[in-house]
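Let me begin by presenting the structure, written as C-alpha cells, before commenting on it.
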Amino acid sequence: MTITVNGEKTSHEVEDRTLLVHHLRDVVGLTATNIGCDTSTCGSCTVLVNGESVKSCTVLAAQVDGDEVETLEGLAGDGGEMDAVQNAFQQKHALQCGFCTPGMVMAATSLLRENPDPTEEQVRMALKGNLCRCTGYHNIVQAILSAAEGIR
Ligand code: FES
Ligand code: FES
C-alpha cells in the first residue's frame, strides 16, 4: 500500500489485519499517535485522513491506501516551529500528558479547518471523542478558542 503521511509518500507491504495506528507507529515510525484504549473511545489515536478526523485504531491501514494522512508530527513548520493550535495549547497551559494531547490537537485542527469561528459549545462537541482521564478540559477548550482567534 502507498499512503502520503505528512506530505511524504510511503509504500509498504501490510497485513490485512494491521490497524492504521500500528502502521503509523511501528512501520512509518511516527509515535505521536497513541493507543490509549481498546474500545475506540479515548481519541488518543486521532489523525486526519484526507482532512477528516478519524480514530486510527478503528481503521485498517489497507483502507487508507492512496490517501493522505496527517499526524501530530506533520503540524510543525519546516524549522520545527509549532503551528497555531500547538502554540495555543502551550500558551494556555493545555499541555497535559503525552497520551491524550496529540489526539486533542488533531481533533482541534480538524475542527478549526472546518469551522474557524467555533463557539465554546462547538469546541466541546468536537472534543467529545477525546478523553482526558484527568478531566482537565477547561484549558484545552480555552486553547482551541484562542487558536481560532489567532487563525481568523
Ligand atoms: S486508541 Fe483509538 S480511541 Fe482509544
Ligand atoms: S492529561 Fe492526558 S489523559 Fe489526562
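When the GluC sites (Glu not before Pro) in the range 74-152 are filtered for DSSP coil states and for at most 14 other beta-carbon atoms within 10 Å of their beta-carbon, the remaining sites are 81.
Rolling a 1.4 Å probe over the protein heavy atoms gives the chain an accessible area of 52 Å² per residue. Neighbours of residue 148 by Cβ distance under 14 Å: Lys/Arg scored +1, Asp/Glu scored -1, total -2.
In this Cβ point-charge picture (+1 for Lys and Arg, -1 for Asp and Glu), the range 15-71 has a dipole of about 220 debye about its Cα centre. Debye-formula intensities of the range 1-88, expressed as log10 I(q)/I(0) at q = 0.14, 0.18, 0.20, 0.24 Å⁻¹, are -0.46, -0.75, -0.92, -1.26 (one equal scatterer per alpha-carbon, no solvent). Here is how the number arises for the chain: DSSP H runs of 4 or more residues each give -39500 (n - 2.57), the sum is divided by the residue count, and the result at 222 nm is -9000 deg cm²/dmol. Accessible surface ranking for 124, 113, 1.4 angstrom probe, highest first: 113, 124. Along each principal axis, taking the top coordinate minus the bottom one, the Cα set of the range 58-152 gives 37, 32, 25 Å in descending order.
Of the residues 82, 3, 29, the one whose Cα sits farthest toward the positive end of the charge dipole of the chain, with +1 on the Cβ of Lys and Arg and -1 on the Cβ of Asp and Glu, is 82.
Overall, the accessible surface of the chain at a probe of 1.4 angstrom is composed of carbon and sulfur to the extent of 47 percent.
Only lysines eight or more places from residue 55 in sequence, or on another chain, were considered; those with a Cα closer than 18 Å are 128.
The values are calculated or read from the model by the stated rules, or taken from the named source; none is laboratory data. Fair warning: this is a prediction, and the values are worked out from it, not measured in the lab. Counting neighbours? That spans all protein chains shown, and the Cβs are built from the backbone with ideal geometry, glycine included. For the accessible areas, the whole protein counts, side chains as well, though only heavy atoms, and no ligand, DNA or RNA atoms are used. Shrake-Rupley method; radii C 1.70, N 1.55, O 1.52, S 1.80 Å.
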